[in-house]
Amino acid sequence: MMKQKHTATVLSQREIAPDIFDMWIGTPLAAEAKPGQFLGIYPGDRSTLLPRPISICETGTKAGDSGQADALRIVYRIAGAGTREFSGYREGDAISILGNLGNGFPLEQGTGKRAFLMGGGIGVPPILELAKRLDAEKRIIVGYRDAGLFLKEDLEKYGTVYVATEDGSAGTKGNVMDAIRENGLEADVIFACGPMPMLRAIRAYAAEHHIPAYISLEEHMACGVGACLGCVVKTAKEDRHSHVHNARICTDGPVFEAQDVDI
């Protein structure tokens, strides 16, 4: 099932914040999905050949009663023609997907520890499945532009949630790092996904406090399977095969130990 393009079925879709859509997809890929992985979703428009990378938000059993995960949830923002097309899909529509792609968060690194689970903007969705599966003392810190706090209630089922908003309309005014300082939070390990400025701040915080941080890099991708080299990040260590300080986000990532990448 891994890294195969196949036709799945849209089970449901709704808009949960302005231009933010929540879609459940019926697919056997759900049984093998890991927190932090993503799908490549193909637009129906033949002029747009490349899949759009969208993080897996959650797995579930929407399509049957077997008890085994047979559905994937994605939560995405309209960013262009492809995602705008996806937003028009309805229950029963066919959807062409490639998955499951990339690595996932190393759950074993958080077991029994105090963990920060941090998401910013459209980096919030992958934090949900992570929160479900991580066996840790979880402090979930999420950042939004404004009070459209999508997925907040879902996250509250799995840990204490702290919110930051850029405009101060909910929670701490500022970003996720401001929420940590305002609430006097501490952790032994960090798991995070979000925009690059947020991840840079988390990387610096982790180095200062001598704690490991595992970050999922958001990046524009083309093929999603490592063939095109369109999503390369500089690394601290030399790749043992190519002997260069580069890694492909789509296959070597999207999750990296923060100090292993130069961002």
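Observations on the structure shown:
- Ranked R73, R90, R133, criterion: other C-beta atoms within 10 Å, fewest first: R90, R133, R73
- Mean-position separation - Cα centroids, the range 50-104 and the range 171-199, in angstrom: 27
- Among D188, D167, a tally of other beta-carbon atoms within 10 Å of each Cβ gives an order, fewest to most, of D167, D188.
- Calculated from backbone phi, Karplus (6.51, -1.76, 1.60) coupling profile of the range 106-118 in Hz, x at Gly/Pro: x, 4, 5, 6, x, 4, x, 10, 7, 10, 8, 10, 10
- Neighbourhood charge, 12 Å Cβ-Cβ cut-off, centred on T172 and excluding it, Lys, Arg +1 and Asp, Glu -1: -2
- Amide H contacts under 5 Å for A213, placed H, 5+ residues apart: I190, A258, Q259
- Distance (nanometres) between label positions extended 7 Å along Cα→Cβ at L185 and T160: 1.0
- Summarising the amide proton neighbourhood of T9: residues at separation of 5 or more, or on other chains, whose placed amide H is nearer than 5 Å comprise G26, I95.
- Dipole-positive endmost among L117, I211, F150 within the range 107-218 (Cβ charges, Cα centre): I211
- Close amide H partners of F105, meaning residues 5 or more places away or on another chain with modelled amide H under 5 Å apart, are G36, Q37.
- Counting charges near G104 (Lys, Arg +1; Asp, Glu -1) among other residues having Cβ under 12 Å from its Cβ returns a value of -1.
- 3J(HN,Hα) along the range 150-162: 5, 6, 4, 5, 4, 5, 5, 6, 10, x, 6, 9, 10 Hz, from the Karplus curve 6.51 cos²θ - 1.76 cosθ + 1.60 with θ = phi - 60°, whole Hz, x for Gly and Pro.
- The range 10-124 - charge dipole about Cα centre, Lys and Arg +1 at Cβ, Asp and Glu -1, debye rounded to 20: 320
- ³J(HN,Hα), Karplus 6.51/-1.76/1.60, whole Hz, each residue of the range 193-203, x for Gly, Pro: 8, x, x, 4, x, 5, 5, 5, 5, 5, 4
- Taken about its Cα centre, the range 67-182 carries a charge dipole of about 220 debye when Lys and Arg each add +1 at the Cβ and Asp and Glu each add -1 at the Cβ.
- Neighbourhood charge, 10 Å Cβ-Cβ cut-off, centred on L185 and excluding it, Lys, Arg +1 and Asp, Glu -1: +1
Each value in this text was obtained by applying a stated rule to the coordinates, not by laboratory testing. Predicted model only: the values in this text are computed from it and were never measured. All Cβ positions, glycine included, derive from the backbone under ideal geometry; neighbour counts span all protein chains shown.
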